[in-house]
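Asks: The structure is given below, and queries will be raised subsequently.
The values are calculated or read from the model by the stated rules, or taken from the named source; none is laboratory data. Note that the coordinates shown come from a computational prediction; the quantities given were computed from them, not determined experimentally. Neighbour counts are summed over all protein chains in view; Cβ atoms, including those assigned to glycine, are modelled from backbone coordinates with ideal geometry. Surface areas here come from the heavy atoms of the whole protein model, side chains and all, with no ligands, DNA or RNA. Shrake-Rupley method; radii C 1.70, N 1.55, O 1.52, S 1.80 Å.
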Amino acid sequence: MIDTSNLQFLWASVLVETLVQLGLTEAVICPGSRSAPLAFAFARHGQIKARSVLDERSAAFLALGLGQKSHQAVALVCTSGTAAANFLPALIEARESQVPLLVLTADRPAPLRHCNSGQTIDQQKLYGAYPNWYAELASPSLEDLAYLRQTLVYAWQRTQAPDPGPVHLNVPFGEPLAPLKAPEPLATALQVWGQRFDPEQFFSLPAALGAPATPVPLPQEWAGEAQGVILAGPESPACPQAYAAAVAQLALALGWPVLAEGLSPLRNYASLNPHLVSTYDLVLRDPQLAARLTPRLVVRLGAMPTSKVLRDWLGRAHPHQWVLRPGHRNLDPLHSLTRHLSWGVEDLELTGVSAPLSPYAATWLAAEAAAGHLLDQTLTELIWPFAGKAAWLLSQTLPVHTPVFIANSNSIREVERFWRPNSRELVPFFNRGANGIDGILSTALGATSGQAGILLTGDLALLHDTNGFLLRPTHQGHLTIVLINNQGGGIFETLPIAQFDPPFEEFFATPQDLDFQRLCATYQAEYEQIYTWDQLRRRLNPLPQAGIRVLELKTDRRRDAQWSRETLASLAAQVAVALSNL
């Protein structure tokens, strides 16, 4: 695999082979001249799945999605100049979502910088503080190949530790940028190096660090607390079933309810956990019930759930919080009395431990039963096109093990309110680090690669990444896009700014006059408009096995927002009445 055509190609092939030995399996390559040695080395390596993507922004989000799925760093390569600047949004998301990513930006060598050379910008620390680590590699030389190997070993480690995230390596290349035979005496030097080269010894690299083997005892402060809750925030663990089982064990050990965010795998492994609560956003809308359910202690797994109702409830109560998440990041936007523990829930020692269900926990579970029944009854009877019912239907209809990418803004909120507990073992994916709608389609294509998957998104989020459709010819697997077209930003209808129009409609809702059927035809993606809930149900199971398909459901964002406000408040009041005698 080592190319000795010339110094540039030797350097690039040693770089790629080192990464393969470390565990790299996928690379996303953008076209360009200065990055040609890297593109050749990745494309020619038999153990690398290399993908060519025209648009750097889309390529970066595709790599992000692939990293979300595999939990391993994906190599992302571009040429010099502003090509690299287009990686920034996805790199920021990788940092905030703790997704490993290895960014390789080709560059001009030092003599061609700061002298008006073409396609040259200052790429030093181009991404600021967002990478876990940054380095510029030395210019290719025979004497520095061991340095190259060692630097790559360290860079690979930094994509995972102390917290997963992106690493940026700037890689200067001089001429030639094609695999042309090197002139003498360089050709002789390369030949001598090749004769002495022992790949087995050269690539005898250190093994990756594993997780600590010793289980962590349950903190004494948790035991015996009768008014505690477990909050399970957005999470995409490598083994969702093991994660769900560990959370269930913790709930049984403490006798506490588990308030599970819609982006947690817990709602899709509901049979494992008899303490699961999914309707907290509805239940806590009743002031008296919210006060009655105030906790004294909260154990939170991962990031804070999305629900503003839940956050406001915690903000008023200010309970003691313990946050469990491997790594060293501050995960408390409410600034509570919080302790951060750098463990996963799977690291806790829970075997054989159990506690009785407290009256407080029993009240939560009774509220969940009543709210779930009312919610299912209400949505079953609802006929008109409501965005929330699409999320409700997906949770009960999709084939088992389907990966589901949830877009930001309104889609995630509909999932949190209406995604029902099930045992379909569905796999949620999301970009919740920076909370924007950037790169949604490209990330979804990466996260669902090789399978039949779903993207639930609004119209603006999909339009923001239409270049993601360019990935269709090389996409392996299938993606069905459930498009909630409400002619603008539905999330803004739920905010106080919606009362002020003008300028609300033009500058916040920003409706777009575009025909999605024609857009799909342009990119040769399948399209179908959804008119009935039964039609949508039939299209969701079974799913096709190849291609991209858009199922467009047209809704009214004002009607959706008003229905949610009024109906959820009404249902919460009914739950409070039902629980008044408990």
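Asks: Could you work out [θ]222 nm for the chain from helices alone, using -39500 (n - 2.57) per DSSP H run of at least four and dividing by all its residues? Round to the nearest 500 deg cm²/dmol. Mind dumping the intermediate values first?
Replies: Numbers: 19 runs with 207 residues, N = 582.
Result for the chain, helices only: -10500 deg cm²/dmol.
Asks: Using the alpha-carbon atoms, what tilt in degrees (0 to 90, nearest 10) does helix 557-578 show relative to the longest principal axis of the chain?
Replies: 50
Asks: Over region 191-345, what lengths in whole Å, largest first, do the semi-axes of the equivalent ellipsoid take, defined as the square roots of 5 times the eigenvalues of the alpha-carbon gyration tensor?
Replies: Working: eigenvalues 326, 52, 50 Å².
In descending order, the three semi-axes are 40, 16, 16 Å.
Asks: Binned at 10 Å from 0, what are the whole-percent values of the Cα-Cα distance distribution for region 303-440, short to long?
Replies: 9, 26, 40, 22, 3
Asks: What is the P(r) of the chain, as percent of Cα-Cα pairs per 20 Å bin from 0?
Replies: P(r) for the chain, in whole percents per bin: 20, 48, 27, 5, 0.
Asks: For labels at ALA207 and THR188 in the simple 7 Å Cα→Cβ model, what's the distance in nm?
Replies: Label-label distance for ALA207 and THR188, simple model: 4.5 nm.
Asks: Considering the Cα trace of region 103-194, what is its radius of gyration and what is Dmax, both in angstroms?
Replies: When restricted to the Cα atoms of region 103-194, Rg and Dmax are 15.6, 47 Å.
Asks: Identify all lysines with a Cα-Cα distance to LYS69 below 30 Å; exclude those on the same chain that are fewer than 8 residues away in sequence.
Replies: Once the sequence-local lysines are set aside, what remains near LYS69 is LYS49, LYS125, LYS308, LYS389.
Asks: Moving to a separate point now. Round to a whole number: what % of the accessible area of the chain belongs to carbon and sulfur, probe 1.4 Å? Kindly include the intermediate steps, with their values, before the conclusion.
Replies: On the way: 12790 of 23830 Å².
So the carbon and sulfur contribution to the accessible surface is 54 percent.
Asks: Still on this structure: Per residue, how much accessible area does region 439-582 have with a 1.4 Å probe, in Å²?
Replies: Details: 6650 Å² over 144 residues.
Result: 46 Å² of accessible area for each residue.
Asks: List the cysteines in the chain whose Cβ has no other cysteine Cβ under 4.7 Å from it.
Replies: CYS115, CYS239, CYS520
Asks: Using only the alpha carbon atoms of region 156-228, find the Kirkwood hydrodynamic radius as the inverse mean reciprocal pair distance, in angstroms to one decimal.
Replies: Working: mean 1/r = 0.0529 Å⁻¹.
After inverting the mean inverse Cα-Cα distance, the result is 18.9 Å.
Asks: Over all distinct Cα pairs, what is the inverse of the mean 1/r for region 77-149, reported as the Kirkwood hydrodynamic radius in Å? List each step's numbers first, then the result.
Replies: Working: mean 1/r = 0.0731 Å⁻¹.
Taking every pair of different Cα atoms in region 77-149, averaging 1/r and inverting gives 13.7 Å.
Asks: Taking the simple approach of a point 7 Å from Cα along Cα-to-Cβ for both VAL216 and ILE497, what is their distance in nm?
Replies: In this crude spin-label approximation the distance works out to 3.9 nm.
Asks: In whole Å, how far is the Cα centre of region 1-33 from that of region 480-539?
Replies: 43
Asks: Could you work out the Rg to Rh ratio of region 351-416, with Rh taken as the Kirkwood radius (inverse of the mean 1/r over all Cα pairs)?
Replies: Numbers: Rg = 16.2 Å, Rh = 14.7 Å.
Ratio of gyration radius to Kirkwood radius: 1.10.
Asks: So if we plug the beta-carbon distance of GLU381 and GLN150 into 1/(1 + (r/R0)^6) with R0 = 45 Å, what FRET efficiency do we get, rounded to 0.05? Walk me through the numbers on the way to the answer.
Replies: Working: r = 65 Å, r/R0 = 1.45.
That pair, GLU381 with GLN150, gives E of 0.10.
Asks: Taking 0.36 nm per residue of separation and subtracting the Cα-Cα distance, what length does fully extending GLN529 through GLU143 add?
Replies: On the way: separation 386, 0.36 × 386 = 138.96 nm, distance 6.20 nm.
My answer for the length gained is 132.8 nm.
Asks: According to a simple spin-label model (label point 7 Å from Cα along Cα-to-Cβ), what is the distance in nm between LEU337 and THR474?
Replies: Spacing of the two 7 Å Cα→Cβ label points: 5.5 nm.
Asks: Plugging the Kirkwood radius over Cα pairs into Stokes-Einstein for region 373-472, at a temperature of 37 °C and a viscosity of 0.692 mPa s, what D comes out in µm²/s?
Replies: Working: Rh = 14.2 Å.
The calculation lands on 231 µm²/s.
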